[in-house]
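Below is one structure; the comments refer to it alone.
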Amino acid sequence: MEFSKKMVIPAIVLMLLGVLVAVGPWTFAPVCEVHTAENPNGLWVITAANKTLPMPCGYTARAEIGIGAATVIVGGMMLFATAIGSIISLAAVGAMMGGATIALPAALTKTCALSSHTCNTLTAPFLWVMGIVLILFGAALIVYRKKLMK
Amino acid sequence: MIETNEVMKTYETLSGRITALDQANISIKDGEFVLIVGRSGSGKSTLLSILGGLTRPSSGKVMLNGKDLWAMNDEDLSEVRGSELGFVFQFPGLLPTLNTLENVMLPTMFCSKVEEDPSERATILLQTVGLGDKLDSFPNQLSGGELKRAAIARSLMNNPSIILADEPTGDLDVNTEKEIMDMFCRINKLGKTVVMVTHNQDLACFASRVLSMERGIVSEEEGQKCERI
Amino acid sequence: MAKLSYGQFLWRNLKRRSFRNVATVLTFAVVVCSVLIASFLTEGTSNSTRAGMTRLGADLLVVPQEYASNADAIIITGKPSTFFMNTTEMTKLQAVPGVQRVAPQTFIATLSASCCALPTQLIAFNSTMDFTVTPWLDQELGRPLEKDEVILGYQIKGTDVGQPIIFYGHQFKVAGILQPTGTGVDQSVFVRDSDAIVMARESVKVAWQPIEMNPGQISAILVQLEPGADVQQVSADIAAAAPEVSVITSNHLARKIDAQLASTVGALYLTAGAVTLISLPLIATVSTLVVNERRREIGLYRMMGAKKGFVFNALLAEALILAMVGALIGLVSAAAIVIIFNNTITVSLGIPFLWPGLDAVLLQTWWVMLLTVLLGALSALYPAMMAARSDPYESIRAGQK
């Protein structure tokens, strides 16, 4: 494997995006009732009937860790992408991760029903934007692949 | 056939009126190779641009193939420029955004007299001027001589009867200059009228007739004989 | 390629001036984007207010004076609250001229429902007197609400029709789900007041945090006016007859929502206006400079037989293409922003929002796009005219220098 100098910036950008996707739903764009050290299992709600119920946005937050981690790995692999084929395929996978970032809150694990929940006012818009950025970034890498080749 | 009748061109400047062309009466027959020689500022380029329908004279008449050039409206005049005249300037004037083939084809976009396929005709013209292998090259990839040859090919695109050339060899070295002049001679032999403006007296031997210009006045040069270089 | 097409010709010319192009496209994109966001928000909000008031089905909503803003919030954004008023006010209201019918409702903010993490607004209505939910029931269910049945607002869709839903330990069954309105109604749950009282009584035993609700306790009175009655007049009469209450009308709500939206919409229009005012003369100037820079090129076209009209059209077409691309980018970004940040915008501004019908959206979009493209053409008019008029030989020579 050969290190590609030209891919350093794209790789770092992709890894950063991945970290944001993984960390965002737990920190600055939190899903509902994300609790920290004192209450690590904060992804549920206590109903009036004193019942503990899991929330869909909690699953979204968990799943986005996976997507973010996968994106970071793709970014890491980009550091060693010298051939045009590997640039294209890694960029495509990066764009697909963008699609998955959106698909989780939009269709797969979803968010809470009420629009005023933070998962709807913060997390979902944040993930949409990150997803779009990832897709556009992947597409841009494919368009400018020739300039990135070693 | 080009005929001018008392053509004048004056410019108003801060230091007064300048007469660039003074009552020019010239007549150029079909198939002639006419060289207009004069120092810079003598008014030769002004004369050529009036003959080519590019600058409106202050007074006088220009008849081109029986048509009163400056009595026409913009539409008809543009049509004449596009179909009956071909221009070559000292600067090649190729568009940097188009490749050689597209540059040569460009005139057909404004006026299309030729029935052949534009791309085929342009290719043949470029092959004739020796640029058959540069069809896809862009102007910045061509040398000075090549640019000039492409400009000549472009001037022939709409198969005009008259070629007007303004100092076409002005910026070329001696060898390339000869090459380009030979090309004009070949064009002339095909039956096209060539009117060329130059400050270089040495080119007189290529022409069938030489007019000289000084301070806006045109006069016929007699007895110009020379051997081809 | 048999011939160089006009489209290719324009495209090649555009490709060369990327800085001017990007600047122009961005300008138009920003203008279109801000105008469209403002117009989507304005339309969506008024559409939503209309839908919400229609769903409530009352001309006036009478609430205790000190809770007037709580009631506004329930309707506008669905921020739940619990408050009560005296039942005797009802009799006072019925005596006011112009009042046809009154019906009581009780608002209870739940702590957390089984469907949702945040408190939900329970609205208990009196099935014998009600005239707001009952017509909907007749139309959609063809029967009145039975014991322990609830109707859910559109957004509480975690639970489907026929499924159980638990509030304060009391199990209800979902009888129907309302159409979206974009208002607080979407986050409300409608129950019969008799069931609500049973639930309150049980909550003492089963719920984590019980609720206090006693028979005869009401939060608001919905008023239907006699046909032709003047809303202003009746509101004033009610205020005089029952000084302890506040009257909420749809006008009052619309004004309140407008006020909440005004600064944002104002800022958006200001942005669009400022960008237009600053950029258009700039674009016109840049276009004029570009025409000057392109004088030789234009002279060459004329030399090759291009008519004045061709030069004028080509330059105008370039400007139009840039304006259109910009407008399209603006449209896509405006739609994306309003769709993606819908919840963020509505919650932070405290406004209701319901997308107007596609036809209304398309009509708005069409006008904004048309105006932008016209603006683009306007900015290119003078330079294009100048270019077409210039003397070909002068142009060629000017370029030579």
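The values are calculated or read from the model by the stated rules, or taken from the named source; none is laboratory data. The model shown is predicted, which means the values in this text are computed figures rather than measured ones. Reconstructed Cβ throughout: ideal geometry from the backbone, glycine too, with neighbour counts over all protein chains shown. Heavy atoms of the whole protein, side chains included, go into the accessibility calculation; ligands, DNA and RNA do not. Shrake-Rupley method; radii C 1.70, N 1.55, O 1.52, S 1.80 Å.
Counting DSSP beta bridges with both partners in chain C, what percentage is antiparallel, nearest 5?
Details: 28 of 37 bridges.
Just about 75 percent of them are antiparallel.
Accessible area per residue for chain B is 43 Å², calculated with a 1.4 Å probe on protein heavy atoms, without ligands, DNA or RNA. For a Förster distance of 41 Å, can you work out the FRET efficiency between the beta-carbons of A:Lys146 and B:Asp202, rounded to the nearest 0.05? So, using R0 = 41 Å, E works out to roughly 0.25. Using only side-chain charges placed at the Cβ, +1 for Lys and Arg and -1 for Asp and Glu, the dipole size of the protein assembly as shown relative to its Cα centre rounds to 1720 debye. Across the range C:335-340, coupling constants 3J(HN,Hα) worked out from phi with the 6.51/-1.76/1.60 Karplus curve, θ = phi - 60°, read 4, 4, 5, 5, 6, 5 Hz, and Gly and Pro carry x. Less than 5 angstrom separates the built amide H of C:Leu122 from those of C:Ile108, C:Ala109, C:Thr110, C:Val189, all sequence-distant by 5 or more or on a different chain.
Restricting the range B:55-100 to trypsin sites (Lys or Arg not before Pro) that sit in a DSSP loop and have at most 15 other Cβ atoms within 10 Å of their own Cβ leaves nothing. Think of each Lys and Arg Cβ as +1 and each Asp and Glu Cβ as -1; about the Cα centre, that makes the dipole of the range B:2-200 roughly 460 debye. Computed from Cα atoms, the angle from the helix B:144-155 axis to the main principal axis of chain B rounds to 80 degrees.
Using a 1.4 Å probe on the protein heavy atoms, what percent of the accessible area of chain C belongs to carbon and sulfur? Whole-percent figure for carbon plus sulfur exposure: 62. Exposed loop sites here are GluC sites (Glu not before Pro) in DSSP loop states with at most 16 other C-beta atoms within 10 Å. What is the longest stretch of chain C lacking them? Answer from the scan: C:245-401.
Rounded to the nearest Hz, the phi-derived 3J(HN,Hα) couplings of the range B:164-172 under the Karplus curve 6.51 cos²θ - 1.76 cosθ + 1.60 (θ = phi - 60°) are 10, 10, 10, 6, x, 10, x, 10, 10, where x marks glycine and proline.
With one equal scatterer per alpha carbon and no solvent term, the Debye-computed log10 I(q)/I(0) for the range B:2-200 at 0.11, 0.16, 0.18 1/Å reads -0.51, -1.05, -1.28. Both numbers refer to the Cα atoms of chain C; Rg and Dmax are 30.5, 98 Å. Taking 10 Å² as the minimum loss, tell me which residues in the range A:91-131 lose that much accessible area going from the chain by itself to the full protein complex (1.4 Å probe). Buried by the other chains: A:Ala113, A:Leu114, A:Ser115, A:Ser116, A:His117, A:Asn120, A:Thr121, A:Pro125, A:Trp128, A:Val129. With all protein chains kept in place, the per residue accessible area of chain C amounts to 44 square angstrom at a probe of 1.4 angstrom. Model label sites at C:Ser348 and C:Ala335, defined 7 Å from Cα along the beta-carbon direction, differ in position by 2.3 nm.
Chains B and C: how much accessible area gets covered up at their contact, both sides added, probe 1.4 Å, in Å² to the nearest hundred?
Details: alone 11330 and 19920 Å², together 28290 Å².
Protein heavy atoms only, the B-C interface buries about 3000 Å².
Across the alpha-carbon atoms of the range C:219-353, the computed radius of gyration and Dmax are 27.7, 88 angstrom. Split the accessible area of the range B:2-200 by element, probe 1.4 Å, and carbon with sulfur accounts for 46%.
Towards the positive end of the charge dipole of the protein assembly as shown, with charges on Cβ (+1 Lys, Arg; -1 Asp, Glu), say which of C:Pro164, B:Ile28, C:Val223 has the farthest Cα. Result: B:Ile28, furthest along the dipole toward the positive end.
Can you pick out the pairs among B:Lys113/C:Lys307; B:Lys67/C:Lys307; A:Lys110/C:Lys147; B:Lys61/B:Lys148; B:Lys134/C:Lys307; A:Lys147/B:Lys134 whose Cα atoms lie more than 22 Å from each other? Violating the 22 Å limit, Cα to Cα: A:Lys110/C:Lys147; B:Lys61/B:Lys148; B:Lys134/C:Lys307; A:Lys147/B:Lys134.
Shown for the range C:296-329: residues covered by the partner protein chains by 30 Å² or more of accessible area relative to the chain by itself (probe radius 1.4 Å), namely C:Arg296, C:Leu300, C:Tyr301, C:Arg302, C:Met303, C:Met304, C:Gly305, C:Lys307, C:Phe310.
Within 10 Å of each Cβ in B:95-101, how many Cβ atoms from other chains are there, averaged over the peptide?
Working: counts 7, 3, 10, 5, 1, 0, 2.
Across the residues of B:95-101, the mean count of other-chain Cβ atoms within 10 Å is 4.
Based on every Cα atom in the range A:59-150, Rg and the maximum pairwise Cα distance Dmax equal 14.9, 50 Å. Shielding of peptide B:150-160 by partners, expressed as the average count of other chain Cβ atoms within 10 Å per residue Cβ, is 1. Phi-derived couplings, Karplus 6.51 cos²θ - 1.76 cosθ + 1.60 at θ = phi - 60°, listed residue by residue for the range B:58-66: 5, 7, x, 10, 10, 9, 10, 6, x Hz, with x used for Gly and Pro.
For C:Asn251 and C:Leu277, the difference between the fully extended length at 0.36 nm per residue and the C-alpha to C-alpha distance is 5.9 nm. Based on Cα atoms of the protein assembly as shown, Rg over Rh with Rh as the Kirkwood radius reads 1.21.
Loop-only GluC sites (Glu not before Pro) in the range B:156-225, please: DSSP not H, G, I, E or B, and at most 16 other Cβ atoms within 10 Å.
When the GluC sites (Glu not before Pro) of the range B:156-225 are filtered for loop state and at most 16 Cβ neighbours within 10 Å, B:Glu221, B:Glu222 remain.
Taking the longest Cα principal axis of chain B as reference, the axis of helix B:174-189 is set at about 80 degrees. For the pair C and A, how large is the buried accessible area, both sides, in square angstrom to the nearest 100, if the probe is 1.4 Å? Roughly 1900 Å² of accessible surface disappears when C and A pair. All alpha carbon pair distances within the range C:60-107 were sorted into 5 Å bins beginning at 0; the resulting P(r) in whole percents reads 4, 19, 30, 21, 17, 8, 1. Ellipsoid semi-axes for the range C:269-337, based on the Cα gyration tensor and the rule √(5λ), read 31, 15, 8 Å when sorted largest first.
Taking amide H as placed 1.01 Å from N in the peptide plane, B:Thr10 has its amide H under 5 Å from the amide H of B:Ala20, B:Ser58, each at least 5 places away in sequence or on another chain.
Here, the range B:102-229 is characterised by an Rg to Rh ratio of 1.00, where Rg is the alpha-carbon radius of gyration and Rh the Kirkwood radius.
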